[in-house]
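For reference, the structure discussed in these notes is given below.
The values are calculated or read from the model by the stated rules, or taken from the named source; none is laboratory data. Bear in mind the structure is a predicted one, so any value in this text is a computation, not a measurement. Cβ sites come from the backbone with ideal geometry, for glycine too, and all protein chains shown count toward neighbours.
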Amino acid sequence: MRIRIILILCVCCLIPATAKADEIASLASQVRELTQLVKDLKLTVDQQQREITGLKQINELKSQAPAAPAVPIYQQPRPNKPFLEVGAVADVALKLDSPKVDQGGADRVSVRELELVLGSNVDPYSRLDATVAFNEQNTAELEEAYLTRFGLPLDLTVRIGRFKPRIGKDLALHRDSLDTVDEPLVIQRYFGEEGVNKSGVDVTKLIDIPSLMVHQLTVGVLEGGTGEGGTAFGSTKRRPTLYTHLKNYLDITDMTNLEIGVSDAIGSRDEDVTFEVNILGLDVTLIHYLNPNQSIKLQSEVFYQNRTESFTISEIPEGSGRFFKNDLDGTLWGGYELFDFRFNSQWALGFRFDDVELVDNPVTNPNKGDIGYSGYLTFYQSEFARWRVQFSHFDLATGKDDNQVLIQGTFAIGDHKHKLQ
Amino acid sequence: MFNKLKRLSLLMVFFISAARLLYAAAAPLKVVATQTLYADIVRQIGKEKVEVKSVASPKFNVHFIQPKPSDVRNVAHADLVVYTGLDLEEWWGPLVEAAGRPEFFPGREKSVDLSRGIRLLKVPDHPLSRAEGDIHLFGNPHYVMNPENAKIMAETILEKLKEVDLPNTSYYEENERAFISRLDAKMAQWKELCSHCAGQEIVAYHDEVVYLADFLGIKNEQFLEPKPGIPPTPKHMEFLEKYLKENNVHVITTPTYFPKSSADVLAAKTGAKAVTLAMNVGELPGTEDIFGFFDYDVKTLSEVLK
């Protein structure tokens, strides 16, 4: 009986202990599960936190800049060209001259000019171009600095600043774009040794008329005066020069085109307000491509001057036999004809004939002008380097002859794009 | 009396405006493309809804085009312009400026830069210098020579046509699908026709066929030009003569606009064949559209590389 009682007591004592152990085990299991759950939840929260952060960043980026257009295909990153286009053109010349008295620049190699060319769009509507020329005299000259405004009403394009006026063909070109080493005599004598760069404003418009030809009209006003050595206008800047140019272009065939231009420029010879000088210009250019590497170019320009100033013939000094040149009927003309044959992708040869009546140079024969004959050979070393040799014979109004051999090297570096003429 | 006149003038203004609107709606979209191949893709997608003109004649080297006043007029009157992008057509900027249309400046809303999305070859990995010749800043720009790129160009053109001429979206999409489908079929044919070309090597005049060579698996690492844009020199020709002989190269290619004399001289010395490849649509007979153009070039290479 005692034993039974003891056993019952033992069982009674053991049962709660076993139950407690099971409960503890169950609780431990629950704790483990809960711990795991918390860990999982933590991971989930972390993951979601990261996603939220990422979404926030994307939203921030979206609010900062417009979304880039979807590029469905592989797009590789590319370097960007700098905003400012910068280039330089060096013009080196060797001049062998026949006069015994050196007038400077003869019989030596000289860097005639180093042009620094800058340009860039200012905004969606305008562009700024500038050319600064450095020469051997260690002087810098602002050749061009002008703003071009596009997209104006009536599709007008306006230039304002200092630029080369669109009068004729060669006057609008930079020296490195010429077919010859020097400018034609008519340009040198009337407008200046290197043409004209003047401050002003001009307006250009393509004329929409039903025609096989393309017509472009330019009207401009410039400060008065000419380039260095020019005699067409006086030196007073406040008396402006007004000019207009009508370009007429025709594609005769795919390989042949013709351009005929008419120009008119009126300006002042002195300080009074009258426009005594009226210059009428006619230019004709015919280009025929024999094939992609061979072409023939025929170009001619004539300028006719009507000057209403008074003229007198006087002998200076008396008895010297030298007269002050003038033109009795107040008219003068000058022009040139150019033939250029690109006979190879790298070689071209050509010939230029000049004839120009002078405005007021002292001459022994008042009816005689300067006449020039120039032949040249050009070697295009590469797209950026060119060599040219030219022989010129001048029959001058002074009664003297001059022979010149010119060797020119033109080298371009950087960004240098020629404007369309 | 005055009121009658007023009504009459208002009516006239209304009719004139309506006529102009109707004309504008019916008039085809005027597109100017720099090259004939681009013009052809625009034509394939736009068909009669577009009037396309190109600037560079395929007879001339696209690097050195001198735009004419007639090109200026075409651009001035265009609704959309399409160009290569990169730095191939340096004359394009001055042309757009001369036309006075700022909306056609590169990157603007009515200009289509076809280089977008193109995988470029020969992208420089070092600072550039002109001592390396007329080298291109962004990589080789002659991507027109790979027909796979025509698919990307077509997609770019389609997107812009849809943007500027929304009412004809489905028309353009349908034409583009037909174009791509035909192009896919032709590309398979071209690859099959020149399957034996893969792994062989050619020498080209300039580095303008590298994209076509890439498409056909042809090796093209040597050129008649010693540097891009620099004409062949005797020293380089001597090197090439040795190279062709040592590497068993039998084919020299030139476009129509470069002198063929150097290729002929080298071919005569080495026994290789000098062939002319078209570089653009319309350059040679039979290349009047993009399919004829690639037909001609792939067939020529296939025959000469047999």
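Overview of results
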{"item": "Top-ranked residue in region A:343-371 [being touching a Ser or Thr at 6+ places or on another chain (Cβ under 6 Å) and modelled with pLDDT of 95 or more; ranked as farthest from B:S262 (Cα to Cα)]", "result": "A:R352"}
{"item": "Test result for A:I252, loosely packed, with under 15 Cβ neighbours inside 10 Å, touching a Leu at 6+ places or on another chain (Cβ under 7 Å) and among the β-branched types (V, I, T)", "result": "yes"}
{"item": "Residue in region B:194-206 that is in the same structural domain as B:A267 (by TED's automatic domain parsing) and of a type in the set (F, W, Y) present", "result": "yes"}
{"item": "Of all residues in region A:113-141 being more than 14 Å from every other protein chain (Cβ to nearest Cβ), surrounded by fewer than 19 Cβ atoms within 10 Å (Cβ to Cβ) and not hydrophobic (A, V, I, L, M, F, W, C), the one that is nearest to B:E109 (Cα to Cα)", "result": "A:E141"}
{"item": "Matching option when the condition is within 12 Å of chain A (Cβ to nearest Cβ), closer than 23 Å to A:V158 by Cβ and touching a residue at least 40 places away in the same chain (Cβ under 8 Å), among B:V96, B:V81, B:V75, B:V55", "result": "B:V75"}
{"item": "Candidate set from region B:174-220 (those that are acidic (D, E) and under 22 Å from the mean Cα position of the chain (by Cα)); member that is surrounded by the fewest Cβ atoms within 10 Å (Cβ to Cβ)", "result": "B:D184"}
{"item": "Condition met for B:N146 (outside the structural domain of B:F223 (by TED's automatic domain parsing), among the polar types (S, T, N, Q) and touching a helix residue (DSSP H, G or I) at 6+ places or on another chain (Cβ under 7 Å))", "result": "yes"}
{"item": "Selection within region B:116-136 - closer than 14 Å to B:G229 by Cα, part of a loop (DSSP other than H, G, I, E, B) and within 10 Å of chain A (Cβ to nearest Cβ)", "result": "B:G133, B:D134"}
{"item": "Given (1) in contact with a helix residue (DSSP H, G or I) (Cβ under 9 Å, 6 or more places away or on another chain); (2) without any contact (Cβ under 8 Å) to a residue 12 or more places away in the chain; (3) not hydroxyl-bearing (S, T, Y), index of the condition B:F215 fails", "result": "(2)"}
{"item": "Any chance A:R175 is within 14 Å of another protein chain (Cβ to nearest Cβ), surrounded by 17 or more Cβ atoms within 10 Å (Cβ to Cβ) and closer than 27 Å to A:F411 by Cβ", "result": "no"}
{"item": "Qualifying residues in region A:235-278 (those that are within 22 Å of A:V201 (Cα to Cα), assigned to a loop (DSSP other than H, G, I, E, B) and in contact with a strand residue (DSSP E or B) (Cβ under 8 Å, 6 or more places away or on another chain)) - the one nearest to the other protein chains (Cβ to nearest Cβ)", "result": "A:P240"}
{"item": "Failed item in (1) under 22 Å from the mean Cα position of the chain (by Cα); (2) assigned to a loop (DSSP other than H, G, I, E, B); (3) not aromatic (F, W, Y), with B:P226 passing the rest", "result": "(1)"}
{"item": "Members of region A:130-176 found to be small (G, A, S) and closer than 23 Å to B:R73 by Cα, listed by number", "result": "A:G151, A:G168, A:A172"}
{"item": "Matching option when the condition is in contact (Cβ under 8 Å) with a residue 24 or more places away in the chain, under 28 Å from B:D71 (Cα atoms) and either of a type outside the set (G, A, S) or surrounded by fewer than 17 Cβ atoms within 10 Å (Cβ to Cβ) (or both), among A:L242, A:L290", "result": "A:L290"}
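Condition check ((1) of a type in the set (S, T, N, Q); (2) touching a residue at least 12 places away in the same chain (Cβ under 8 Å); (3) touching a Cys at 6+ places or on another chain (Cβ under 7 Å)) across all residues:
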{"site": "B:N247", "(1), (2), (3)": "yes, yes, no"}
{"site": "B:A268", "(1), (2), (3)": "no, no, no"}
{"site": "B:N280", "(1), (2), (3)": "yes, yes, no"}
{"site": "B:K299", "(1), (2), (3)": "no, yes, no"}
